[in-house]
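The values are calculated or read from the model by the stated rules, or taken from the named source; none is laboratory data. Quick caveat, the model's predicted, so the values are computed rather than measured. Neighbour counts are summed over all protein chains in view; Cβ atoms, including those assigned to glycine, are modelled from backbone coordinates with ideal geometry.
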Amino acid sequence: MDSRKENKNRKSEREAKVYWASRVRLDGESTWILLTDKEILRAQRRAENNPEDLPSLWERIRLVFGI
């Protein structure tokens, strides 16, 4: 799913042109976050370098179904 959205209210050229809208659960509450392409790539590298920190299949299933 491509959740990339254009940043229509850029105040300067340094601001990202697009953001990735993602939903995360923090302290049991679901919330929206906006990530830039660089933040996504950095997080991807972090996950590849630290596979032991990724949730297992059953942990992901429990998160999705709330069990």
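Tabulated data for the structure shown
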item	result
Search result, residues across the range 27-44 that are out of contact with any strand residue (DSSP E or B) (no Cβ under 9 Å at 6 or more places or on another chain), surrounded by fewer than 10 Cβ atoms within 10 Å (Cβ to Cβ) and within 24 Å of Lys5 (Cα to Cα)	Glu29, Lys38
Candidates Arg23, Arg42, Arg46 - the one that is assigned to a strand (DSSP E or B) and either on the phi > 0 side of the Ramachandran plot or modelled with pLDDT of 85 or more (or both)	Arg23
Residue pairs meeting the criteria (Cβ under 8 Å; at least 6 apart or on separate chains; first charged (D, E, K, R), in the range 34-63; second assigned to a helix (DSSP H, G or I) and modelled with pLDDT under 90)	Asp53/Ala47
Where Ile61 falls short, out of the listed (1) part of a helix (DSSP H, G or I); (2) of a type in the set (Val, Ile, Thr); (3) under 11 Å from the mean Cα position of the chain (by Cα)	(3)
Restricting the range 1-20 to residues that are in a strand (DSSP E or B) and of a type outside the set (D, E, K, R), the residue that is nearest to Gly66 (Cα to Cα)	Trp20
Test: residue in the range 50-60 that is surrounded by fewer than 11 Cβ atoms within 10 Å (Cβ to Cβ) and closer than 20 Å to Lys5 by Cα	no
